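The values are calculated or read from the model by the stated rules, or taken from the named source; none is laboratory data. Remember, it's a predicted structure, so these values are computed and weren't measured experimentally. Here the Cβ is made from the backbone with ideal geometry for all residues, glycine too, and neighbour counts use every protein chain on show. Ligands, DNA and RNA are excluded from the accessible area calculation, which covers all protein heavy atoms including side chains. Shrake-Rupley method; radii C 1.70, N 1.55, O 1.52, S 1.80 Å.
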2 protein chains.
Amino acid sequence: MEHRIDRIKKQLHSQSYKLTPQREATVRVLLENEEDHLSAEDVYLLVKEKAPEIGLATVYRTLELLSELKVVDKINFGDGVSRYDLRKEGAEHFHHHLVCIECGSVEEIEEDLLTDVEKIVEGQWGFEVKDHRLTFHGICRVCQKQAVSAASTNESGKE
Amino acid sequence: MEHRIDRIKKQLHSQSYKLTPQREATVRVLLENEEDHLSAEDVYLLVKEKAPEIGLATVYRTLELLSELKVVDKINFGDGVSRYDLRKEGAEHFHHHLVCIECGSVEEIEEDLLTDVEKIVEGQWGFEVKDHRLTFHGICRVCQKQAVSAASTNESGKE
DNA sequence: CATCCAGTGATAATCATTATCAGATTGTAT
DNA sequence: ATACAATCTGATAATGATTATCACTGGATG
């Protein structure tokens with residue numbers, strides 16, 4: 001964790017930005033909640049627990065900055081708020097998401113999976129791919145099981 | 001065009017919604033600007049040209065309705081507004097987009113391209129894919145050419 | 001004709017995000 | 001240490017997209 005903060009610190013310094021206490025607190029919250037997909041408001045509330053004097057505007061500014069530096073990715077699942085997702089260290093591409101339309105859970109896929117597709121896009125459309133966003137909407141493992149057990153509980157024979 | 005409006009009309013009726021003049025005007029605007037990715041405001045202004053008495057709220061309501069019926073897809077390119085994109089007739093999946101980070105142009109890809117990837121996701125993650133969103137960010141053909149010609153005009157030998 | 005109700009238009013309300021601005025903090029040169 | 005400039009911050013106002021409200025309309029039904 002300290003290692004990753006160091007890296008981010010260097011990244012900031014290389015563009016002559018500072019890792020202020022507020023920014024560090026924000027980064028720590030992101031690191032500690034890497035699995036989640038926090039909105040700016042979420043991050044603000046969590047940061048406030050460790051640094052109560054921080055302002056919402058600063059959180060927005062920090063997230064914007066981290067977004068420019070490609071430390072985080074700003075994503076939008078269509079629910080009206082932007083969410084911020086840490087890039088894995090060394091990842092040159094954004095990871096993918098599996099959004100469950102039943103329970104709303106979001107799972108991440110680290111594998112690239114798109115190498116072939118990008119080759120096609122570059123070759124056939126002459127488009128130089130720099131990054132991608134891929135989200136699948138569907139039904140997660142858990143909800144599939146629940147659907148099955150619900151069907152078998154209701155022994156009418158029909159779904 | 002009339003054919004497609006008829007289809008949409010039937011789709012509405014099947015859920016006991018009506019194709020009111022306002023809704024029809026909105027659908028026509030979407031059909032006539034199928035290549036673009038109009039925001040609600042864009043649609044509103046275009047609809048107003050043919051039906052000046054229409055209200056913005058009605059346009060929002062119609063777009064929301066069409067979105068629920070999967071006639072249009074609501075997309076977000078991260079510029080703060082939702083955009084509405086007609087689904088191609090019979091398409092079970094959403095089409096993909098190539099967003100140019102230089103000029104902001106948006107190109108569409110109708111081909112699926114993700115069949116293999118979806119198989120992997122279903123097999124390896126046990127996720128039942130219902131739909132997907134795929135956007136590539138990069139540099140379009142036009143901007144690539146401009147970059148090349150700008151470099152050769154500036155004959156310093158360096159880029 | 002009376003009634004019902006989805007649909008509409010105008011506008012107020014909401015809510016996420018951004019802009020503003022005075023003050024705090026930091027780094028640097030003296 | 002001191003002065004200065006630049007960066008950063010917190011509070012809050014402003015913005016802008018979207019949604020909620022509410023009185024009204026127009027067509028369908030009996």
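Laid out as a table, the results:
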{"read-out": "Qualifying positions in region A:98-121 - farther than 30 Å from residue A:147 by Cα and open to solvent by 80 Å² or more (accessible area, probe 1.4 Å)", "value": "A:116, A:119"}
{"read-out": "Output for region A:20-46, where each listed residue is among the charged types (D, E, K, R) and modelled with pLDDT of 95 or more", "value": "A:23, A:24, A:28, A:32, A:41, A:42"}
{"read-out": "Selection within region A:68-93 - open to solvent by 30 Å² or more (accessible area, probe 1.4 Å) and closer than 27 Å to residue B:74 by Cα", "value": "A:68, A:70, A:74, A:76, A:77, A:78, A:79, A:80, A:81, A:82, A:83, A:93"}
{"read-out": "Matching residues in region A:119-159 - criterion: being acidic (Asp, Glu) and at the interface with chain B (Cβ under 8 Å from one of its Cβ atoms)", "value": "A:128, A:131"}
{"read-out": "Output for region A:58-67, where each listed residue is of a type outside the set (Ser, Thr, Tyr), within 12 Å of DNA strand C (Cβ to nearest atom) and open to solvent by less than 50 Å² (accessible area, probe 1.4 Å)", "value": "A:59, A:63, A:65"}
{"read-out": "Qualifying residues in region B:20-57 (those that are farther than 16 Å from residue B:82 by Cβ and within 12 Å of DNA strand D (Cβ to nearest atom)) - the one most open to solvent (accessible area, probe 1.4 Å)", "value": "B:53"}
{"read-out": "Enumeration of residues in region A:32-49 that are in contact with a strand residue (DSSP E or B) (Cβ under 7 Å, 6 or more places away or on another chain), aliphatic (A, V, I, L, M) and more than 10 Å from DNA strand C (Cβ to nearest atom)", "value": "A:38"}
{"read-out": "Those helices (runs of 4 or more DSSP H) lying entirely in region A:13-118 with at least 2 residues within 14 Å of another protein chain (Cβ to nearest Cβ)", "value": "A:56-68"}
{"read-out": "Filter result for residue B:17 (at pLDDT 95 or above, within 15 Å of DNA strand D (Cβ to nearest atom) and under 18 Å from the mean Cα position of the chain (by Cα))", "value": "no"}
{"read-out": "Residue that is nearest to residue B:125 (Cα to Cα) [pool: residues in region A:74-100 that are more than 16 Å from DNA strand C (Cβ to nearest atom) and hydrophobic (A, V, I, L, M, F, W, C)]", "value": "A:98"}
{"read-out": "Filter result (near DNA strand C (Cβ under 8 Å from one of its atoms) and hydroxyl-bearing (Ser, Thr, Tyr)) within region B:9-24", "value": "B:16, B:17, B:20"}
